[in-house]
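Report on the following structure.
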2 protein chains.
Amino acid sequence: MTVLISSLRINSARMLESFSTLSLIGSTGDGGVSRVSLSESHLAARTWFRSEVENAGLEFHVDSAGNHSAILPAFALAGEVAQPTGEIGLSQKPLLLRASTLLIGSHLDSVLNGGRFDGALGVVAALEVLRIVKENGIRLRVNLEAIDFTDEEGTLVGLLGSAALAGRLNPESLKKPRGGRQNLVEGMKRAGLDEEGIFKATRPKDSLAGYLELHIEQGKRLERMGINIGIVSAIVGIRSYRLSFIGRADHAGSTLMTDRADASLGASAFALAAREIVMGSFPNCVANVGKMDFIPGAFNIVPARVDLCLEFRSPDAEQFENLDAALMASAKEQAGRFGLELRSECFEKHVPNLMSSGIQKTFADSCNDLGLTHTSFASGAIHDGQSFDGICPIGMIFVPSVDGASHAPRELTKWDDCVNGANVLLQTALKLAG
Amino acid sequence: MTVLISSLRINSARMLESFSTLSLIGSTGDGGVSRVSLSESHLAARTWFRSEVENAGLEFHVDSAGNHSAILPAFALAGEVAQPTGEIGLSQKPLLLRASTLLIGSHLDSVLNGGRFDGALGVVAALEVLRIVKENGIRLRVNLEAIDFTDEEGTLVGLLGSAALAGRLNPESLKKPRGGRQNLVEGMKRAGLDEEGIFKATRPKDSLAGYLELHIEQGKRLERMGINIGIVSAIVGIRSYRLSFIGRADHAGSTLMTDRADASLGASAFALAAREIVMGSFPNCVANVGKMDFIPGAFNIVPARVDLCLEFRSPDAEQFENLDAALMASAKEQAGRFGLELRSECFEKHVPNLMSSGIQKTFADSCNDLGLTHTSFASGAIHDGQSFDGICPIGMIFVPSVDGASHAPRELTKWDDCVNGANVLLQTALKLAG
């Protein structure tokens, strides 16, 4: 049997059955799921994934960072020289010549009370891609690996599995994980992982041919534009600061307004200024003041100190630094305006990552072949692809999120859009690996 | 022995010894004290007070709200008709004719890690007034009672003892105390108090001739003006709100700035606006945004809700209502400006209290007699006197706070100022009760 590669489509009914079954694991009962990293429900989802992989006749693999994979070995795995089959008929020069594995992944963990599409769609679609390739007997030059990365959401560390696989996991991040050391230790124990082992999950750079991911947009752009597929041009850089505005505690009744060094004023003025700066001068960037802690925090005491949590993101390295400088200058100005001291602590960094232009082009070709509209923009969210910057070509596509909702049970992507995304993923993987 | 009343002065050395001993109880080691209401250290201070009272040969009394008193009975207590003695030679008509007890009080409890003067000075001075009157054999027409009120600071309820004595304690305030029900229950148990008993501490209105208090200013006005005594014209009204600015949680990376309903913006804009309103239009008032709680409160989630703790104070009833209206209108405006919903909950009220003009005049006369400078202003802080509004005449004086500091170990009033205040208290009590 010969197959016309360009006519291959994922099996929508089978993928829906997989997705629906998965959505029941850790279900919040209102459309969402709670499968925080290495929790019982998350591990149950991974057990389900393993059975899906084995039922599909694919190789199952779990590494020492807990990453779970389905593997479809390359046609040339046993030493044969891979040749594009006649049926594939690719016109372009293959992008991935020497490397052995094309990763297609996402994650099965969710935030607490999150949505059922974030991550899960990408894993289910990746698995479906492998099932289609396998059942159609397509001979590919590289291994296809559908991978579920550990702790993408950062309930514990963030990008834990992909960073470990890429050899980029910072030992400090395990010693002082953002989710708390005790939670990490308990999670590793539940999953049968250990700290030393996690660092052994690193794969040789040469073994990685590329990384593809299908994800929901988690924003409103595609929906608003009425476009099927978003081709990610870059993943934003992300930086966060704890800014402390420091004044003086005073009696809130007997201290005249003019005698106060009220820390709330600097923090409040900065929150407003940060928004103005981004909207006025950095239209491609975002900033968020997600938290303020008031110290001592009483009705009747003038705030002595406000610790403010600031995070900002930019798809462009130069803009990123300029935005950083503008925000820090503003913080200093607002502190000075109200007679406050400013202290800052920067404690999380990701640099902006460009997506492979070759893969972006291939995604666009696939969309065109499938009759799907597409556009290109930066991802405002962090994704596992970030871990592979400079290690292998990275490509990522988005499908529309209804009302832009994400990280909440109301998160929704229409099933037709899920299928469209999976077909673009399939066609692109075939073009790249064929 | 006849005594010229106007020449009587408190015994500075004895008062200093009392004050210094008291300052060691619950000492924080850096000049401050921690004697939160009904804690072990607070109860130890009360035990010390009892021994001081008994050593002075004064009657000791503790009521069912835990208020501790030294009592010096009136000369006419046993049915005699009180007559001003020739030595007193008051020119004005006595202010307090029918009532039987002039309370002179303050409190021995402190805030956590507070100062050693706040409250303690007033109790020690009141006790010293009674010692002087007793040892000089002065015959007064009313009982003098030096009283230490329970929980002035509100670690548990606030003005608990004075409100109970005045018959103004709200049963709700014990059911849902601001310091937490469990802390109140444990404190009452430590002190041997019970809820039912506390309400039985109410005294007949006719038994209260007046209430006098000496307190530290807890502000900078006297120090800045170089004036000895502040005669309190009013105790401010105080009202507090929890204002909830409600927006929508969104992904702080993938949600465009223009698509956000960021609760932090309304709260921040309000904090700045509240200050402008007070400073611009209500110069005698103060307002404080003492706390903001961000929900969910994460670096990477747009704040869905900010609960803001607002408190404001005014010495004047009409201004108080106008300020309330202006602040609430501003909160609504700022919420609307950023597409947020506003909810408000008002959960503490004290109306502004005017001090007795007769007692203010008597304080001024005493200052003049003693060669002390004086001025008049409203107290920005709440004091126990507030409980007696409409029940008996109230009078209060302040002595200067170094650098305005209070509710902190660096709280300080020079001893000469403490002595000045105690002498004004003594002379005023004699004029009123003579």
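Summary table
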item: Value in Å of the Kirkwood radius, where segment A:133-186 supplies the Cα pairs that are averaged; result: 13.0
item: Relative compactness, chain A, computed as alpha-carbon Rg over 2.2 N^0.38 Å; result: 1.07
item: Chain B - mean residue ellipticity at 222 nm from DSSP helices (-39,500 (n - 2.57) per run, n ≥ 4, rounded to 500); result: -11000 deg cm²/dmol
item: Alpha carbon centroid spacing (whole Å) that separates segment B:229-295 from segment A:94-164; result: 46
item: Sites excluded, trypsin sites (Lys or Arg not before Pro) in DSSP loops with at most 14 other C-beta within 10 Å, longest stretch of chain A; result: A:201-409
item: Calculated diffusion of segment A:305-434, Stokes-Einstein form, Kirkwood radius summed over Cα pairs, 25 °C and 0.890 mPa s, µm²/s; result: 136
item: For the protein assembly as shown: span of alpha carbons on each principal axis (Å, largest first); result: 128, 48, 39
item: Counting all C-alpha pairs of segment B:159-276, share separated by more than 19 Å (%); result: 72
item: Aspartates and glutamates whose Cα lies under 20 Å from that of A:LYS220, excluding same-chain neighbours fewer than 8 positions away; result: A:ASP118, A:ASP403, A:GLU411, A:ASP416, A:ASP417, B:ASP250, B:ASP259, B:ASP262
item: Proximal aspartates and glutamates to B:LYS175, defined as alpha-carbon separation beneath 17 angstrom and excluding residues fewer than eight positions away on the same chain; result: B:ASP151, B:GLU186, B:ASP194, B:GLU195, B:GLU196, B:GLU348
item: Peptide-level mean, for A:377-386, of C-beta atoms on other protein chains within 10 Å; result: 2
item: Pairs from B:LYS361/B:LYS431; A:LYS176/A:LYS205; A:LYS134/A:LYS414 whose Cα-Cα separation, in the structure shown, is over 23 Å; result: A:LYS176/A:LYS205; A:LYS134/A:LYS414
item: Among B:ALA163, B:ALA274, B:ALA126: highest mean-square fluctuation, GNM of chain B, C-alpha pairs under 10 Å; result: B:ALA274
item: Local net charge near A:ASP384, Cβ-Cβ under 9 Å (Lys/Arg +1, Asp/Glu -1); result: -2
item: Segment A:LEU256-A:PHE347, length gained on full extension (0.36 nm per residue, minus Cα span); result: 29.1 nm
item: Net charge of Cβ neighbours under 15 Å - reference A:ALA317; Lys, Arg +1; Asp, Glu -1; result: -2
item: Pseudo-label separations to other copies for A:PRO171 - Cα-to-Cβ vector, 7 Å, nm; result: 6.5
item: Gap separating the Cα centres of segment B:204-220 and segment B:336-380, nearest whole Å; result: 13
item: Net length gained if the chain between A:GLU318 and A:ALA13 were fully extended (0.36 nm per residue, minus Cα distance); result: 105.2 nm
item: For segment A:237-350, alpha-carbon Rg over 2.2 N^0.38 Å; result: 1.12
item: Cβ-based net charge around A:ASP109, under 10 Å, with every Lys or Arg adding one and every Asp or Glu removing one; result: -3
item: Residue of chain A whose Cβ sits closest to the axis mapping A onto B, with distance in whole Å; result: A:SER268, 2
item: Of A:SER207, A:SER41, A:SER20, the one that fluctuates the most in a GNM where chain A has Cα springs shorter than 10 Å; result: A:SER20
item: Within 10 Å of each Cβ in B:293-306, the average number of Cβ atoms from other chains; result: 6
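FYI, it's all coordinate maths here, none of it is from the lab. Computed from a predicted model, the values in this text were never measured in an experiment. With ideal geometry, Cβ positions are generated from the backbone for all residues, glycine too; neighbour counts draw on all protein chains shown.
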